[in-house]
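Colleague: Please see the structure below; I have some questions.
Rule-based calculations on the coordinates, nothing more; no lab input. Just so you know, these numbers come straight off a predicted model, no measurement behind them. Cβ placement follows ideal geometry from the backbone for every residue including glycine, while neighbour counts extend to all protein chains displayed.
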Amino acid sequence: YYDGNTVLYLDGAFQKASEAKIDLYGQSLHYGYAVFEGIRAYMLADGSMKIFKAKEHFDRLKRSCELVHIPYPFNNEELIEATYKVIEANGLTGAYIRPLVFCPPDMSLKAAASSSIMICAWNWGAYLGDKLLRVMTSSYQRPNPESFQIESKSSGLYVNSILASQEAKGQGYDEALLLDINGFVAEGPGANLFFEKKGGLYTPPRGHILPGITRATVIELCHELGIPVVEKFFTVDELKQADAVFYCGTAAEIVGWESLDGQPFGKSWTGSLGRIIQQAYKAKVLEQSIKPESKVA
Ligand code: PMP
């Protein structure tokens, strides 16, 4: 992620990652009381770097903080400018960007009185790889929305993601699928999902998921491409009857599934709507026009 020359942004200043320090007596480290974002920047055809949906991501960072009462005294336009500087200072030609808002020294369980922000970036390939995924239904559920602000991208919540992902990998799968407390399909440890059935796409509604920015982009692309898309609750049994399934997220981008609990899907990935969305997503982040032949309607 970094070496001796890597530069990050911390509370208004740029400094070497290897020299940046944090206090060990803080709620963020001890209680997972911090909030973060995952953003990508792509190199466009003209050689410039462009952060995809920068405003949406920094707006979500602010909202995530508000939901868990972490002060957010930052200006998002300034943060976006700082992020471009971090990308430039590190000479990145493709970047995964990680802003983190964390709290000052305090061991109490009171809401934070102030906060700090750091922004770092590194070159990160597709986080789930580009092979089709063998997915396992996790024995871990997504957290109960009545126990947590689940739409806040809070650090502590990710222990749930680590447990699910570790369980799946420990059993020889590529990734986990988590259900919600009612037994409906929710999302992956770090991605939302869509399934294809009879020419349309389906995805779980808000309520038990992190409403991803990529998920919103996929829905936009469906509208642009004339693909019917519906948000609804569904079970694992219904998902197993799908023609095809894919995960989507900033880090993962769009990645198809090979199987769920060892059971393959009806359609080949190359002939699926997910594949069309994958190509359209790539074009969108690179600010290229969608090839007309990929349009469905
Ligand atoms: N769900 C979870 C639990 C995630 O961690 C992520 C990644 N941020 C997503 C969904 C996808 O969100 P996005 O498309 O905004 O990256």
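Colleague: Compute, for the stretch 133-292, the length of the dipole vector about the Cα centre, with Cβ point charges of +1 (Lys, Arg) and -1 (Asp, Glu) only. Units Debye, rounded to 20. Walk me through the numbers before you get to the answer.
Modeller: On the way: 15 positive and 18 negative charges, 64 e Å.
Roughly 300 debye for the stretch 133-292.
Colleague: Considering only Ala112, Phe246, Val86, whose Cα is most displaced toward the positive end of the charge dipole of the chain, charges sitting on Cβ of Lys, Arg (+1) and Asp, Glu (-1)?
Modeller: Phe246
Colleague: What's the FRET efficiency of Glu78 with Phe233 using the Cβ-Cβ distance as r and R₀ = 45 Å, to the nearest 0.05?
Modeller: Numbers: r = 40 Å, r/R0 = 0.89.
Calculated transfer efficiency: 0.65.
Colleague: State the volume of the convex hull built on the alpha-carbon positions of the chain, expressed per residue in Å³ and rounded to an integer. Let's see the in-between values first.
Modeller: Numbers: hull volume 39.4 nm³, N = 297.
Cα convex hull per residue, to the nearest whole number: 133 Å³.
Colleague: Percent relative contact order of the chain, based on C-alpha pairs within less than 8 angstrom and at least six residues apart?
Modeller: Relative contact order for the chain comes out at 17 percent.
Colleague: Still on this structure: As an exercise, use a Förster radius of 45 Å and the Cβ-Cβ distance of Ser114 and Thr93 to find the FRET efficiency, rounded to the nearest 0.05. Before the final figure, lay out the partial values.
Modeller: Working: r = 36 Å, r/R0 = 0.79.
It comes to 0.80.
Colleague: Please report, in debye to the nearest 20, how large the charge dipole of the chain is about its Cα centre when each Lys and Arg carries +1 at its beta carbon and each Asp and Glu carries -1 there.
Modeller: Values: 29 positive and 34 negative charges, 77 e Å.
Here the chain has a charge dipole of around 360 debye.
Colleague: For n ≥ 4 DSSP H runs only, could you compute -39500 (n - 2.57) per run for the chain, divide by its residues and tell me the 222 nm figure to the nearest 500? List each step's numbers first, then the result.
Modeller: Details: 7 runs with 77 residues, N = 297.
My calculation for the chain gives -8000 deg cm²/dmol from helical runs alone.
Colleague: Run down the lysines and flag those whose C-alpha is under 26 Å from the C-alpha of Lys21, throwing out any fewer than 8 positions away in its chain.
Modeller: Lys62, Lys85, Lys110, Lys153
Colleague: Given the pairs Lys55/Lys131; Lys232/Lys282; Lys198/Lys232; Lys197/Lys240, which span a C-alpha to C-alpha distance of over 21 angstrom in this model?
Modeller: Details: Lys55/Lys131 30 Å; Lys232/Lys282 26 Å; Lys198/Lys232 16 Å; Lys197/Lys240 11 Å.
Among Lys55/Lys131; Lys232/Lys282; Lys198/Lys232; Lys197/Lys240, the Cα-Cα distance tops 21 Å for Lys55/Lys131; Lys232/Lys282.
Colleague: Given the Cα-Cα distance of Lys282 and Tyr31 and 0.36 nm per residue of separation, how much length would full extension add, in nm? All intermediate terms of the calculation are to be shown ahead of the outcome.
Modeller: Values: separation 251, 0.36 × 251 = 90.36 nm, distance 3.72 nm.
Length gained, Lys282 through Tyr31: 86.6 nm.
Colleague: At R0 = 45 Å, how high is the FRET efficiency between Ser139 and Ser48 if r is their beta carbon distance? Nearest 0.05 is fine. Present the calculation step by step, with values, prior to reporting the outcome.
Modeller: Working: r = 46 Å, r/R0 = 1.02.
The value I calculate is 0.45.
Colleague: Related question: How far apart, in nm, are two points set 7 Å out from the Cα along the Cα-to-Cβ line at Phe14 and at Asp59?
Modeller: 2.8
Colleague: About the Cα centre of the stretch 7-122, how large is the charge dipole given +1 on each Lys and Arg Cβ and -1 on each Asp and Glu Cβ? Please answer in debye to the nearest 20. Present the calculation step by step, with values, prior to reporting the outcome.
Modeller: Numbers: 12 positive and 13 negative charges, 53 e Å.
Value, rounded to 20: 260 debye.
Colleague: Separate question: Among Tyr2, Gly262, Thr217, which residue has its Cα positioned farthest towards the positive end of the charge dipole of the chain, with +1 placed on the Cβ of Lys and Arg, -1 on the Cβ of Asp and Glu, and the dipole taken about the Cα centre?
Modeller: Of the listed residues, the answer is Gly262.
Colleague: A follow-up question, please. Rounded to the nearest Å, what's the spacing between the alpha carbon centres of the stretch 208-242 and the stretch 91-106? Just the number, please.
Modeller: The stretch 208-242 and the stretch 91-106 have Cα centres spaced 29 Å from each other.
Colleague: Given points 7 Å out from each Cα along the Cα-Cβ axis, report the Tyr127 to Tyr1 separation in nanometres with one decimal.
Modeller: The modelled label-to-label distance comes out at 1.2 nm.
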